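A short write-up of the structure that comes next.
The values are calculated or read from the model by the stated rules, or taken from the named source; none is laboratory data. Note that the structure is predicted; figures quoted are calculated from it, not measured. Reconstructed Cβ throughout: ideal geometry from the backbone, glycine too, with neighbour counts over all protein chains shown. Side chains are part of the model used for accessible areas, which takes the heavy atoms of the whole protein and leaves out ligands, DNA and RNA. Shrake-Rupley method; radii C 1.70, N 1.55, O 1.52, S 1.80 Å.
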Amino acid sequence: MKIFLDGKFVDAAEARISVFDHGLLYGDGVFEGIRIYQGNIFRLDEHLERLEQSAKAILLSLPWSRAEIAGFTCETCRQNGLADGYIRLVVTRGVGDLGLSPWLCPVPSIFIIASKIALYPAEHYTTGLAIVTVPTRRINPAALPPTVKSLNYLNNIMAKIEARQFGALEAIMLNDQGYVAECTGDNIFIVYKGELITPAASQGALRGITRSAILDIAQELGLPLRQADLTRYDVWNADECFLTGTAAEVIPVVKLDGREIGTGRPGEITARVLASFRRRVLTEGTRI
Ligand code: PXG
């Protein structure tokens, strides 16, 4: 495997960053997880726009243009002969000294891994996931906006560990007000009386690229859609539920906190959304 690292392609075993890199020392950096389907990178421009916005939010100025980063990304896929897979694009604050001060890190680092990812066992895409609500709350936007896709994922990792302690593969995280924010690596949608409902991005979630694709799909399919505060009760009593994310794609949820959702099987609207999503990923995208 060839890794793109600061302008060069290096073997995976040689792809190393410094122990003084603030990405490692403090989680000081930003990243994107991106999918490629049959040689088309799905919504690359949206991912790079979000990367720029995450970087701006943490006052990390990117020394590369969007077109340059897009070029690095496509070239990494070509170098690895990757037509279908998952791309991890990481920008760190770079090498500094043993203090928080990011202004002592003069040069950010960039690396890109073109590989594969399988978040959940394949059978759950047809049978659906049983998930739980965990005690760890999604971080308050006043502390660190969850819209920033930063290298500090401890908030989500804590929730993921709790999910596992409850025997679940994924967890709902509530925001500080107790409303549903999102899952540890996915956004959430419910279907209730024919309407698609998802928490507003301002409710403490990442603005998912897959989520925004689902908003487009709802329009295409003529499904009424609303962004609203959701409680656990709303999800327990929903007709259908599904999660969306670059790594997860679209996955049905059939149980939350021991309560069966709807019929306890993946729903019909979820299936229509998933079918449209599968079509789109093959037709939209940046050809490498
Ligand atoms: N919320 C969070 C907290 C995420 O990390 C999403 C929503 C979905 O966003 P996109 O843009 O991908 O539709 C994410 C992204 C993993 C993993 O290994 C998950 C993500 C990213 C990288 C790795 O579970 N999810």
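Of all residues in the range 25-39, one or more are over 22 Å from the mean Cα position of the chain (by Cα) and either modelled with pLDDT of 95 or more or within 16 Å of the ligand (Cβ to nearest atom) (or both). Quick one: which of A55, A70 is within 16 Å of the ligand (Cβ to nearest atom) and open to solvent by less than 30 Å² (accessible area, probe 1.4 Å)? So the residue among A55, A70 that is within 16 Å of the ligand (Cβ to nearest atom) and open to solvent by less than 30 Å² (accessible area, probe 1.4 Å) is A55. Residues that are open to solvent by 10 Å² or more (accessible area, probe 1.4 Å) and under 13 Å from A130 (Cβ atoms) within the range 224-262 comprise W236, V254, K255, D257, G258, R259, E260, listed in sequence order. Applying the criterion of being among the acidic types (D, E), under 30 Å from V250 (Cα atoms) and touching a residue at least 60 places away in the same chain (Cβ under 8 Å) to the residues of the range 9-52, the residue that is most open to solvent (accessible area, probe 1.4 Å) is D45. Among the residues of the range 127-156, those that are more than 14 Å from the ligand (Cβ to nearest atom) and farther than 18 Å from V254 by Cβ comprise P135, N140, A142, A143.
I need the full set of residues from the range 224-248 which are within 16 Å of the ligand (Cβ to nearest atom) and without any contact (Cβ under 8 Å) to a residue 60 or more places away in the chain, in order please. Within the range 224-248, Q227, L230, C241, F242, T244 meet the criteria. A213 - would you say it is part of a helix (DSSP H, G or I) and within 11 Å of the ligand (Cβ to nearest atom)? It is true that A213 is part of a helix (DSSP H, G or I) and within 11 Å of the ligand (Cβ to nearest atom). Just one of the listed residues (D84, D6) is free of Cβ contacts under 8 Å to residues at least 60 places away in the same chain and away from the ligand (no atom under 16 Å from the Cβ), namely D84.
Here is a check on your reading of the model: is V95 within 13 Å of the ligand (Cβ to nearest atom), touching a residue at least 24 places away in the same chain (Cβ under 8 Å) and β-branched (V, I, T)? No: the conditions fail for V95. Starting from residues that are of a type in the set (A, V, I, L, M) and touching a residue at least 60 places away in the same chain (Cβ under 8 Å), keep the ones in the range 129-153 and report whichever is farthest from R259 (Cα to Cα). Result: L151.
Quickly run through the range 169-190 and pick out the residues that are away from the ligand (no atom under 11 Å from the Cβ) and more than 19 Å from H124 (Cβ to Cβ). Of everything in the range 169-190, those that are away from the ligand (no atom under 11 Å from the Cβ) and more than 19 Å from H124 (Cβ to Cβ) turn out to be L174, N175, D176, Q177, G178, Y179, V180.
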